[in-house]
1. Here is a list: Asp133, Asp172. Which entry is open to solvent by less than 20 Å² (accessible area, probe 1.4 Å) and farther than 25 Å from Leu19 by Cβ?
2. From the list Lys111, Lys122, Lys173, Lys184, pick out the single residue that is farther than 19 Å from Gln212 by Cβ, part of a helix (DSSP H, G or I) and in contact with a helix residue (DSSP H, G or I) (Cβ under 8 Å, 6 or more places away or on another chain).
3. What residue, among those in the stretch 197-229 that are under 26 Å from the mean Cα position of the chain (by Cα) and closer than 21 Å to Val113 by Cβ, is surrounded by the fewest Cβ atoms within 10 Å (Cβ to Cβ)?
4. What are the pairs, 6+ residues apart or on separate chains, where a residue within the stretch 1-30 that is touching a residue at least 12 places away in the same chain (Cβ under 8 Å) has its Cβ under 6 Å from a residue that is outside any helix (DSSP H, G or I)?
5. In the set Ala79, Ala112, which member is small (Gly, Ala, Ser) and either surrounded by fewer than 13 Cβ atoms within 10 Å (Cβ to Cβ) or modelled with pLDDT of 90 or more (or both)?
6. When you scan the stretch 182-194, do you find a residue that is open to solvent by 70 Å² or more (accessible area, probe 1.4 Å), within 28 Å of the chain's Cα centre (by Cα) and either over 29 Å from Glu24 (Cβ atoms) or of a type in the set (S, T, N, Q) (or both), even just one?
7. For the structure I just gave you, tell me whether Ile166 is out of contact with any strand residue (DSSP E or B) (no Cβ under 6 Å at 6 or more places or on another chain), over 22 Å from Ser22 (Cα atoms), outside any helix (DSSP H, G or I) and open to solvent by 80 Å² or more (accessible area, probe 1.4 Å).
8. Going by the conditions given, is Lys49 part of a helix (DSSP H, G or I), open to solvent by 50 Å² or more (accessible area, probe 1.4 Å), modelled with pLDDT of 60 or more and not hydrophobic (A, V, I, L, M, F, W, C)?
Amino acid sequence: MRKLTIFLGLIIVTTLSYLFNSFEFILIAVILVIAIFLILLRLLQLFRKANYLGPSSRGIRWKQIFNFEASLGVLHPLAVPIKACYFRNSLLLMLICISGVCISLIRPYDKAVIHQGSLSEKLKFAYESDQKDRIQLRSFLSYFSKLEQRDLKRLNQVKNIRKINIIKKPRDKFYAAFIYHHGKDSIDYKTASKLATEAALHSSLKNDYKVQWLRKAAHDRYLLAIGKQEKYNTQNNFSFDIE
């Protein structure tokens, strides 16, 4: 029964990790909680052994108390040994979570772009795939990441769209600006700043946080790319926005 439970847990966790983006971050959080629990459990074990169950005068005195209480049919909490199953079960759960994280690293990316549909649909899809890519653990690990190639594919599509069509809708300009924002040089960042500013100035997007943030971030990235100081302080290490 125990082996079956472990096997089912492994199957469920790895399946969820394979199917759902960002699930690996939940697993990482669980792993950290388990690690903290194990550390605290071990410290408690060492502390109790050193102070209450060791050869010191305090330890001898506590042993006498424990023995006396045990003779009365009562077992003092400090005399209760920490069960090995606490460590064993925690480690098993940690290993299952680690397996799920490993599976997430081989999860295939969704399509970066689509070639069918309207201009707005293509831009929206490129923007959404850009954001999805950036909430996957593998995108932050160079060995597993394909983020750079996928960013280039999205950028090339948006550039081709702009060669043929004029992007008029404010929301479409925002989508396009975000793709240029993840470009490769100051020219791309300048275009991102221009499109983002045009989108942000439109009345329909005036109160849209993401649009207003992109206007500032794209401008700052462009300034840094040409060797100047950023204006809005969006590109430093303390910026909490996911770019």
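The values are calculated or read from the model by the stated rules, or taken from the named source; none is laboratory data. Keep in mind it's a predicted model, so treat the numbers as computed, not measured. Note that each Cβ is placed from the backbone with ideal geometry, even for glycine, and that neighbours are counted across all protein chains shown. What goes into the accessible areas is simple: the full protein's heavy atoms, side chains included, and nothing from ligands, DNA or RNA. Shrake-Rupley method; radii C 1.70, N 1.55, O 1.52, S 1.80 Å.
1. Asp172
2. Lys122
3. The qualifying residue surrounded by the fewest Cβ atoms within 10 Å (Cβ to Cβ) is Lys210.
4. Close Cβ pairs satisfying both conditions: Tyr18/Arg107; Asn21/Ile135; Asn21/Gln136; Ser22/Ile135.
5. Step by step, each of Ala79, Ala112 is checked, and only Ala112 is small (Gly, Ala, Ser) and either surrounded by fewer than 13 Cβ atoms within 10 Å (Cβ to Cβ) or modelled with pLDDT of 90 or more (or both).
6. No, because not a single residue in the stretch 182-194 is open to solvent by 70 Å² or more (accessible area, probe 1.4 Å), within 28 Å of the chain's Cα centre (by Cα) and either over 29 Å from Glu24 (Cβ atoms) or of a type in the set (S, T, N, Q) (or both).
7. Yes; evaluated as a whole, the condition is true for this residue.
8. Judged against the criteria, Lys49 is a match.
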